[in-house]
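Before any comments, here is the structure.
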Amino acid sequence: MITKIIESYCTQILKISHCFSSQRQIHSNVIRYSSRADFRMAPNVFRQKKIYTAVVEDVFNASSTIKILRLYIKEAGFSFKAGQWVDFYVPGIQEVTGYSMTSPPNEAKEKGILELAVKYGTFPPTHWVHNSCSPGEEVQIRVGGDFYYDPLANKKEAEANLLLIGGGVGINPLVSILCEYRDLLLATQFQSESAVHPGRVHLLYSARTESELVFQDTFADIEREHPTLNCQYFVTRQPKTEPSPGIHCSRIEEKNVGDSIKTLGKKTLCYVCGPSTMTDDVANWLLKIGIEKEYIRYEKWW
């Protein structure tokens, strides 16, 4: 049965299909670089004007170092693009930080729900999430970010092959992007004459240990349902025990990126998010392989 969310997505595709002829080109409006860890480090990045109040529905452990925060937005009209983040305001705490959404945009639009994955840290808002946050509490959020995937506004983007490369918590915006891709696939499958034909996706996901590959099960479920998705996993500080089958005990290397591009082609739209050294390396590898700059989108986490 098609869920209400997928039905909504189908409706959105039908509404925009006739407008695709006047779409923006991928290269014309791509923001290829965004760098942020908190508000102070991203003063010139796009932000929505409105600040929304959100209620904590749930907070739970995804691993020993990462908590999932599930929020409900009270007010109507909240929206974001897959890959964006929110400024996160905690009452009584002066500092402001930012977390990327890990849930699909349509879930926020239809249900007012979004999820954030927060890795442990001592910065006050993050410390609050891990040590004091509980269901029923209220926070305020504001959407921002120039790093996003927006297939409903751009047919070329909707039909492009995607290469998603995430390191550590840099995987978070890519989770939302992949969920958006999944919803796009499901919606187009239920249309007899769809105007959109989504491409293929390769995901390269790296973490320190296997236990920190917190979205592996989510990705595996999508991969089983949609053969257009191929996922590879990497761990960089695995203990002496061997990783599970299918997990590489190494960093993401140039060869891994090159092999994906050989399969997907040089018009692949590449999203890279992780530590600054990783994103710099991957961007340089992509350029060396022959990917044009306008097809490389990346965000650094410091």
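Assorted remarks:
- Principal axis box of the range 120-191, alpha-carbon based, largest edge first, Å: 45, 28, 19
- Converting phi to 3J(HN,Hα) with the Karplus coefficients 6.51, -1.76 and 1.60 and the offset θ = phi - 60°, the range 281-294 yields 4, 5, 4, 5, 4, 4, 5, 5, 5, x, 6, 6, 3, 5 Hz in sequence order, with x at every glycine or proline.
- Of the two radii for the range 107-159, the radius of gyration is 1.10 times the Kirkwood radius, both from the alpha carbons; that is the Rg over Rh value.
- For the range 84-191, with all protein chains in place and a probe radius of 1.4 Å, 45% of the accessible heavy-atom surface sits on carbon or sulfur.
- When the P(r) of the range 185-302 is calculated, the portion above 26 Å amounts to 27% of the C-alpha pairs.
- What you get for the range 225-302, charging only the Cβ of Lys and Arg (+1) and of Asp and Glu (-1), is a dipole of about 100 debye around the Cα centre.
- Of the GluC sites (Glu not before Pro) found in the range 241-302, the ones in coil according to DSSP and having at most 13 other Cβ atoms within 10 Å of their Cβ are Glu292.
- Taking only the C-alpha atoms of the range 157-214, the Rg (one decimal) and the largest Cα-Cα distance, Dmax (whole number), read 13.7, 44 Å.
- Each of Ala76, Ser64, Cys133 was placed along the dipole of the range 63-135 (beta-carbon charges, centred on the mean Cα), and the one lying farthest toward the positive end is Ser64.
- About the centre of its Cα atoms, the range 118-212 shows a dipole size close to 200 debye [charges on the beta carbon of Lys, Arg (+1) and Asp, Glu (-1) only; nearest 20 debye].
- Formal net charge of residues neighbouring Val143 (Cβ-Cβ distance under 11 Å; K, R +1; D, E -1): +4
- Each peptide in 211-223, 81-93, 168-180 gets a packing score, the mean of other Cβ atoms within 10 Å over its residues, and the list from highest to lowest is 168-180, 81-93, 211-223.
- If you count Lys pairs in the range 212-302 whose Cα atoms are under 24 Å apart, skipping same-chain pairs closer than 8 places in sequence, the total is 14.
- Per residue, the accessible area of the range 239-302 comes to 54 Å² when a 1.4 Å probe rolls over the protein heavy atoms.
- Viscosity 0.692 mPa s, temperature 37 °C, Stokes-Einstein D of the range 102-257 from Kirkwood C-alpha radius, µm²/s: 188 µm²/s
- Residues of the range 153-233: accessible area per residue with a 1.4 Å probe, Å²: 34 Å²
The values are calculated or read from the model by the stated rules, or taken from the named source; none is laboratory data. Note that the coordinates shown come from a computational prediction; the quantities given were computed from them, not determined experimentally. Positions of Cβ are generated from backbone atoms using ideal geometry, with glycine treated the same way; all protein chains shown enter the neighbour counts. Heads up: the accessible areas ignore ligands, DNA and RNA and are worked out on the full protein's heavy atoms, side chains in. Shrake-Rupley method; radii C 1.70, N 1.55, O 1.52, S 1.80 Å.
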